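Enquirer: Below: one structure in structure tokens.
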Amino acid sequence: MIMKYLTSIATAALLMFAVNVPSYAGELAKVHEDADVTCMDCHGTDTPTRRGKTSLCKNCHGDQIEIKEFQVEERVVNVHKSPHGEIRCTACHKTHEPSVLYCNDCHQYEVELP
């Protein structure tokens, strides 16, 4: 009887912890939270099951965010002007996990991302 009681308490504690801890408390998550951006704003629903769409990013951020270009060997690179066509915003910018530079799947750029 006591073992069943302790198991129930432990399970309840773990569930409460899992529900109340954000999946990633990163810089973008904080910026969006401070700006009162909701799940609905980025995902189109209060219970997101998919990543946000680039078109929704552009609703707030516009078509082209100005970023500093950088020199790589004999050319200048602007990661927002990809020679490979349009890349979705969420390929690099992650709100619920650390951001990554998608270009580095093939290249080796040293760029910090928000």
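The values are calculated or read from the model by the stated rules, or taken from the named source; none is laboratory data. All figures in this text were calculated on a predicted structure; none of them were measured in a lab. These accessible areas exclude ligands, DNA and RNA; they are computed on the full protein's heavy atoms, side chains included. Shrake-Rupley method; radii C 1.70, N 1.55, O 1.52, S 1.80 Å.
Enquirer: Give the long-range amide H neighbours of Val72: residues separated by 5 or more places, or on another chain, with amide H under 5 Å away, using H modelled in the peptide plane at 1.01 Å from N.
Expert: Val77
Enquirer: Something else now. Mind checking the per residue accessible area of the stretch 27-105 for me, 1.4 Å probe, whole number of Å²?
Expert: 77 Å²
Enquirer: For Lys53, give me every one of the aspartates and glutamates with a C-alpha distance below 16 angstrom, ignoring sequence neighbours fewer than eight places off in its own chain.
Expert: Within the straight-line cut-off, Lys53 pairs with Asp41, Asp63, Glu86.
Enquirer: Would you check the accessible area of Glu73, probe 1.4 Å, heavy atoms only, in square angstrom rounded to 10?
Expert: 150 Å²
Enquirer: Sticking with this one: Once neighbouring chains are kept in place and the probe is 1.4 Å, which whole percent of the accessible area of the stretch 27-105 is contributed by carbon and sulfur?
Expert: It is 51 percent, rounded to a whole number.
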